[in-house]
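Peer 1: Sharing a structure below in structure tokens format, with a few things to ask.
Each reported figure results from applying straightforward, stated rules to the coordinates on display, with no laboratory input. Quick caveat, the model's predicted, so the values are computed rather than measured. Cβ: placed from backbone, ideal geometry, glycine included. Neighbour counts: every protein chain shown.
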Amino acid sequence: MKKINGLIGLVIAGLVMLTSCNNSESSPKKSGGALKSSAAEKVYVAPGEHDEFYAFISGGFSGQLSVYGLPSGRLLKVVPVFSQDPEKAWGYNEETKPMLNTSHGFIPWDDAHHPDISQTNGQVDGRYVYINANNTPRIAKVDLSTFETTEIIEVPNSAGNHSSSFVTENSEYVVAGTRFSVPFPQRDMSIKDYKGNFKGALSFIKLDEEDGGMDLSFQIMMPGFNYDLSHPGRGKSHGWFFFTTYNTEEANTLLEVNASQNDKDFIAAVNWKKAEEYIKAGKFKTVPANYAHNVYDEKTHTATSTMKKEVRILDPAECPGLVYFLPTPKSPHGCDVDPSGEYIVGNGKLSANLTVHSFTKMLKAIEDKKFDGEAYGIPILKFEDVLAGVVEQPGLGPLHTEFDGKGNAYTTFFISSEVVKWKLDTWEVIDRKPTYYSVGHLMIPGGNSSKPFGKYVIAMNKITKDRYLPTGPEVTQSAQLYDITGEKMELLLDFPTIGEPHYAAGIPADLVKPRSKQYFPLEENEHEYAVKSEAETKVVRKGNEVHIYMTMIRSHFAPDNIEGVKVGDKVYFHVTNLEQDYDVPHGISVIGANTSELLIMPGQTETFVWEPKQVGVWPFYCTDFCSALHQEMQGYVRVSPKDSDIDLSWTLGE
Amino acid sequence: MKSVIKITTFLSMLLLIISCGSKEEKKTPVESKPVKTEKPVKINTSEEGTNLHYKGVGEIKSVELGAIDQKMAEQGKEIFTAKCSACHKIGKKFIGPDLQNVMKRRSPEWVMNMILNPEKMTKEDPVAKQLLMDFNGAPMANQNLTKEETRTVVEYFRTLQK
């Protein structure tokens, strides 16, 4: 009997193997019964194979953007954005320090929230990812040819930059809205005088068609509510932008209670094409401001920070037709627009029901001037006039909704820890699946566009408790991957994420891969201190500054013996990687350096500063295992007493 | 019974092979082996060994050399200085061999193949393999020169002969 069982087992094993080789596209329909493909097979990406999607997941309080492959959930890279990263010298080397400059000075950390991919004709185009810093309001641009942050702009008159950073359907603007209202203009005043004096700025940052560069075009100065999240209109609603608000009570203390009093708050519908007309017609006020615009140049491999001094302001009370308020129950959080642009979902986090507004009805109500009063000069539409439908009691604590492009919506419920699938138009609940636990955002690749790729949804959880091996009081946050190709969702995979994942953005890998750079051509390197060959390497003294023009290639530095440096000198290592091959970075650091290593890509130049405090001979070495002779890649700097008269000298191989 | 199990195992393995065969082929294209000429070329693998008729392993099969083109050689010198001189000096051994008289020892095809694909050469070419050993295992870096750029470097090397 045993033997027969063994025989059957082998036959089945053979069949399973047979199936497993062909099933990469298998649908639940094809498989069934004993041959049902497992969740493991669906997320298995064989060694050497690539994932189908990139997922850009916000690093939350880590300040960074992490890049994962889907469906495997493998972490591919952490792109440093708003926080210093000693691994990549981000914010530590001389070239990138200006990227973290703000009107408050150099800031080494922030709280990254909502990545969004640039779009062309309403579809994700894989050129750039924009992401917001919540604490000290900024928007960053990550270039997907290098997966590096190449621009950061500070947002003035803002605080808690949360309803950001979402891109319009032709990447006309990336939009940022303030969560906290603040005095406008900022001044020394009593907090009790909040009402009427505090304002909320909605910022429209124009994007350059060529390079995705950011320029703060104008701000709409709104009443002192909290602007929580936003999304652009698309298709028929292209030209509009929708923001959820809460604290329409304008409370300045104990918001937990005081901001939950009103039965309804608003979704603010902003007609930004109208705003452009008002700007063109000169209906704006130019006011003084002070905000940083930091740009990293790929040719000089160096960032510059410029302080901008003014901003154009539109007052909605003076600009009829610019903003309308759509009453939405109970402190709506997420503000999500379906792929057609018709439905605007207000995820009222304290509401039992999910509210869906109709763009067509909104236009009609505006046309008919059916207003239910106004707030600070902004017309309020009637709830019933704009309502498309209600999803009745789908769960507790709705936060965010994404769409699969097949007529379905997926909403996360924080309190009841689940993802609920429901149908647009009929508003019926189709399926629900638990999350582990307390889910925040969710993401379908292409989710904020007219063309979602509805194969997977990932849910991003705030709390994991017992889901992974314990790691002391602090445990990982996580993402969970569901297959959404069938009628019912299927949980496939849990994977840990960095920091707290807020929103994420996903895109088919094929839209990004062809643009990915392999190295920087040396001949295009315009760094001020670049040296293009070993013959040009040198050491130059300017007072107490010593500039080392150094090169690196497998597996030596040139020069590698340097003498004549003195205690009290400020030594600049300007190091150029002469390699011109894919994936051959070198690193460098020197003993006692009060900064991070450099990790230099082929063809790139980077600089770190060393201020030697002790007399002696101090080694430096390559920090990135680069070749069989990596351990030989080293050198020495002789540091003499301050009053020594030893001349500068530098050699290699002598 | 045992033999039945064996046969079944064999069959399931066979199924596995058949079912995966076409996919596997696509993923790992079979490396084309260097074409063996009928008369094997004698190879001297020492650094100073002369192998003027041996072309190495790679895509460069034949290079016609005319009179030295000075303009091309100038271009080659510029590229050499920028991308190669960190490891090669003219007139002395450094990280890599002295290239003063390299064109007396090597065919232009071999030199170009070595520059264009040093990884393949140090794996498959007996001369390059030996050089890697002779030079302390320091692998030659692939500097991603184009074929045209590589050809100008050869022209530059031709001007160095003493």
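Peer 1: How high is the relative contact order of chain A, given as a whole-number percent (alpha carbon pairs under 8 Å, six or more residues apart)?
Peer 2: Normalised by residue count, the contact order of chain A is 11 percent.
Peer 1: Right, something else. In sequence order, what are the phi-derived ³J(HN,Hα) couplings for segment A:445-459 according to the Karplus relation 6.51 cos²θ - 1.76 cosθ + 1.60 with θ = phi - 60°, rounded to whole Hz, with x for glycine and proline?
Peer 2: x, x, x, 8, 7, 7, 9, x, 9, x, 9, 10, 10, 10, 9
Peer 1: Per-residue Cβ counts within 10 Å, from other chains only, averaged over A:576-586: what number is that? The partial results should precede the final answer.
Peer 2: Details: counts 0, 0, 8, 6, 7, 6, 2, 0, 2, 0, 0.
For this peptide, the per-residue mean of nearby foreign Cβ atoms is 3.
Peer 1: Between A:T328 and residues 5 or more places away or on another chain, which pairs have amide H atoms under 5 Å apart, with H built 1.01 Å from N, and which residues are they?
Peer 2: Answer set, sorted by chain and number: A:D265, A:F266, A:I267.
Peer 1: Please compute the net charge surrounding B:K129, taking Lys and Arg as +1 and Asp and Glu as -1 over other residues with Cβ under 14 Å from its Cβ.
Peer 2: -3
Peer 1: Separation of segment A:156-190 and segment A:231-306 by C-alpha centroid, Å?
Peer 2: So the two Cα centres are separated by 5 Å.
Peer 1: I would also like to ask the following. Rounded to the nearest Å, what's the spacing between the alpha carbon centres of segment A:66-111 and segment A:514-534? Just the number, please.
Peer 2: Comparing the Cα centres of segment A:66-111 and segment A:514-534, I get a distance of 21 Å.
Peer 1: Net charge around A:V311, counting only other residues with Cβ within less than 12 Å of its Cβ (Lys, Arg = +1; Asp, Glu = -1)?
Peer 2: Computed value for this residue: +1.
Peer 1: Right, another one. Which one of B:T146, B:M114, B:S85 is farthest out on the positive end of the charge dipole of segment B:70-158, using unit charges on Cβ (Lys, Arg +1; Asp, Glu -1) and the Cα centre as origin?
Peer 2: Of the listed residues, the answer is B:S85.
Peer 1: Counting only other chains, and only Cβ atoms inside 10 Å, what mean value do you get across the residues of A:358-366?
Peer 2: Mean shielding count: 0.
Peer 1: To continue, here is another question. Starting from the Cα gyration tensor of the protein assembly as shown, take the square roots of the eigenvalues, sort them a ≥ b ≥ c, and report rounded, prolate or oblate (rounded when a/c is under 1.5, otherwise prolate if a/b is larger than b/c, else oblate). Don't skip to the answer; put the middle values down first.
Peer 2: On the way: a/c = 2.35, a/b = 1.41, b/c = 1.67.
Oblate is the answer for the protein assembly as shown, as a/c is 1.5 or above yet b/c matches or exceeds a/b.
Peer 1: If we sort A:366-378, A:213-225 on the protection proxy, mean other Cβ atoms within 10 Å, highest first, what's the order?
Peer 2: The most tightly packed comes first, giving A:213-225, A:366-378.
Peer 1: Please identify the helices of chain A, taking whole runs of DSSP H, that span at least 27 Å along their own axis as judged from the Cα atoms and have a mean Kyte-Doolittle score of 1.6 or higher.
Peer 2: none
Peer 1: Hey, what number do you get for chain A at 222 nm if only DSSP H runs of n ≥ 4 count, each worth -39500 (n - 2.57), divided across all residues, to the nearest 500?
Peer 2: That comes out to -2000 deg cm²/dmol.
Peer 1: Further question: Where does the charge balance sit around A:M550 when Lys and Arg score +1, Asp and Glu -1, over other residues with C-beta under 12 Å from its C-beta?
Peer 2: -3
Peer 1: Rounded to whole Hz and in sequence order, give me ³J(HN,Hα) for segment A:86-103 from the Karplus expression 6.51 cos²θ - 1.76 cosθ + 1.60, θ = phi - 60°, writing x for Gly and Pro.
Peer 2: With coefficients 6.51, -1.76 and 1.60, one gets x, 4, 10, 6, 5, x, 10, 7, 5, 6, 9, 3, x, 5, 9, 7, 9, 5 Hz.
Peer 1: For the peptides A:410-423, A:460-473, A:538-551, what is the packing order when you average, over each peptide's residues, the other Cβ atoms within 10 Å and list the highest mean first?
Peer 2: A:410-423, A:538-551, A:460-473
Peer 1: Tabulate in residue order the Karplus-calculated ³J(HN,Hα) for segment A:389-399, using 6.51 cos²θ - 1.76 cosθ + 1.60 with θ = phi - 60°, rounded to whole Hz; enter x for Gly and Pro.
Peer 2: x, 10, 8, 6, 6, x, x, 10, x, x, 10
Peer 1: Hey, fewest Cβ within 10 Å first, where do A:D208, A:D143, B:D125 land in order?
Peer 2: Details: A:D208 12, A:D143 20, B:D125 25.
Starting with the residue having the fewest Cβ neighbours, the order is A:D208, A:D143, B:D125.
Peer 1: Moving to a separate point now. Taking each residue of B:134-143 in turn, how many C-beta atoms of other protein chains fall within 10 Å of its C-beta, and what is the average?
Peer 2: 5
Peer 1: Return the aspartates and glutamates within reach of A:K349: Cα separation strictly under 17 angstrom, same-chain partners fewer than 8 residues apart disregarded; answer none if there are no such residues.
Peer 2: Excluding near neighbours in sequence, the set is A:D228, A:E249, A:E256, A:D263, A:D265, A:D336, A:E392, A:E402, A:E418.
Peer 1: Please rank A:D263, A:D385, fewest neighbouring Cβ atoms within 10 Å first, as an exposure proxy.
Peer 2: Fewest to most other Cβ atoms nearby, the residues stand as A:D263, A:D385.
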